[in-house]
Amino acid sequence: MNQSELLKILESVKAGELAPDKAIERLKHLPFEDLGFAKVDHHRALRQGFAEVVLGRGKTAQQVAEIVLAMLRKKDSRHNILVTRADKKIFAAVKRTSGKDARSAKFHELSGVISIERSDEITGKGTILVVSAGTSDIPVAEEALLTARLMGNRAEPLYDVGVAGIHRLLEHRESKLAQARVIICVAGMEGALPSVVGGLVAVPVIAVPTSVGYGASFGGVAALLGMLNSCASNVTVVNIDNGFGAACVASCINRL
């Protein structure tokens, strides 16, 4: 439930269109609903601007499905639902939950994201550009792209424009880089791309190191350290493979 949805309930009570006991029934699971194994935070959109996101990894398929069902049961909330780091088994369980919204769930296999789109409202003020250094970085970039879109942003991809062929990036300097309000830059190997992008633009660049690379990349640690030591002062860094976290921060910036 977000601010506008809560306001509608309060206005309905004030106008006599909704009985107070009915309003209490709608609000009784705020701030959270205890499922035993999980406490679903129905209050989060009011506090943070977007509903709770479900991390699929580490949960059983049935647990994820029950959390999603708890979100779908909130008739006054029409927010998008996002499950990250999911697989086909989790997706099948989500699809079996009751309600037409669950049947509209989509599984984005490349990124492991499950999405249930119930709102197309745009709350971000500009465009979030998601840039990947290589094709191998696209799964993490796609997680960022889908998250940003489901959080109410216009988000565009720009993939496979790493420093090994820097002309591929420079071709989009005016058409895409200069038009973005926030840039998410995803790169593995030595993690050089965010520094290059940061030096070309006057907006925040959120760098995402990926675990792509050979032995000395240490599963993304080399890229992480390279990004943390960027000499471009508008670059900040999230954790390895954390496209979701980068999109959350980008969305917060884009709503300001």
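The values are calculated or read from the model by the stated rules, or taken from the named source; none is laboratory data. Here the structure is a predicted model, which is why all the values come from computation and not from measurement. Backbone-built Cβ (ideal geometry, glycine too); neighbour counts: all protein chains shown.
The table that follows gives values for the structure above.
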{"read-out": "Members of segment 165-204 found to be farther than 23 Å from residue 124 by Cβ, of a type in the set (Gly, Ala, Ser) and free of Cβ contacts under 8 Å to residues at least 24 places away in the same chain, listed by number", "value": "165"}
{"read-out": "Of the criteria (1) without any contact (Cβ under 8 Å) to a residue 24 or more places away in the chain; (2) at negative phi, which one residue 218 fails", "value": "(2)"}
{"read-out": "Test: residue in segment 163-175 that is over 13 Å from residue 134 (Cα atoms) and surrounded by 21 or more Cβ atoms within 10 Å (Cβ to Cβ)", "value": "no"}
{"read-out": "Total residues in segment 187-220, condition under 18 Å from residue 172 (Cα atoms), buried (at least 24 other Cβ atoms within 10 Å of the Cβ) and over 21 Å from the mean Cα position of the chain (by Cα)", "value": "2"}
{"read-out": "Test result for residue 163, within 19 Å of residue 238 (Cα to Cα) and either aliphatic (A, V, I, L, M) or not assigned by TED's automatic domain parsing to the domain that holds residue 46 (or both)", "value": "no"}
{"read-out": "Qualifying residues in segment 51-93 (those that are of a type in the set (Lys, Arg) and in a helix (DSSP H, G or I)) - the one surrounded by the fewest Cβ atoms within 10 Å (Cβ to Cβ)", "value": "88"}
{"read-out": "Selected residue [among the hydroxyl-bearing types (Ser, Thr, Tyr) and modelled with pLDDT under 95] from 251, 175", "value": "175"}
{"read-out": "Members of segment 121-138 that are under 17 Å from residue 248 (Cα atoms) and either in the same structural domain as residue 67 (by TED's automatic domain parsing) or not acidic (Asp, Glu) (or both)", "value": "122, 123, 124, 125, 126, 127, 128, 129, 130, 131"}
{"read-out": "Boolean, residue 47 is within 17 Å of the chain's Cα centre (by Cα), under 22 Å from residue 245 (Cα atoms) and modelled with pLDDT of 85 or more", "value": "no"}
{"read-out": "Filter result for residue 138 (surrounded by 15 or more Cβ atoms within 10 Å (Cβ to Cβ) and without any contact (Cβ under 8 Å) to a residue 60 or more places away in the chain)", "value": "yes"}
{"read-out": "Extreme residue, surrounded by the fewest Cβ atoms within 10 Å (Cβ to Cβ), among residues of segment 223-251 that are under 15 Å from residue 146 (Cβ atoms) and in contact with a strand residue (DSSP E or B) (Cβ under 7 Å, 6 or more places away or on another chain)", "value": "242"}
{"read-out": "Unique match (being of a type outside the set (S, T, N, Q) and surrounded by fewer than 17 Cβ atoms within 10 Å (Cβ to Cβ)) among 117, 143", "value": "117"}
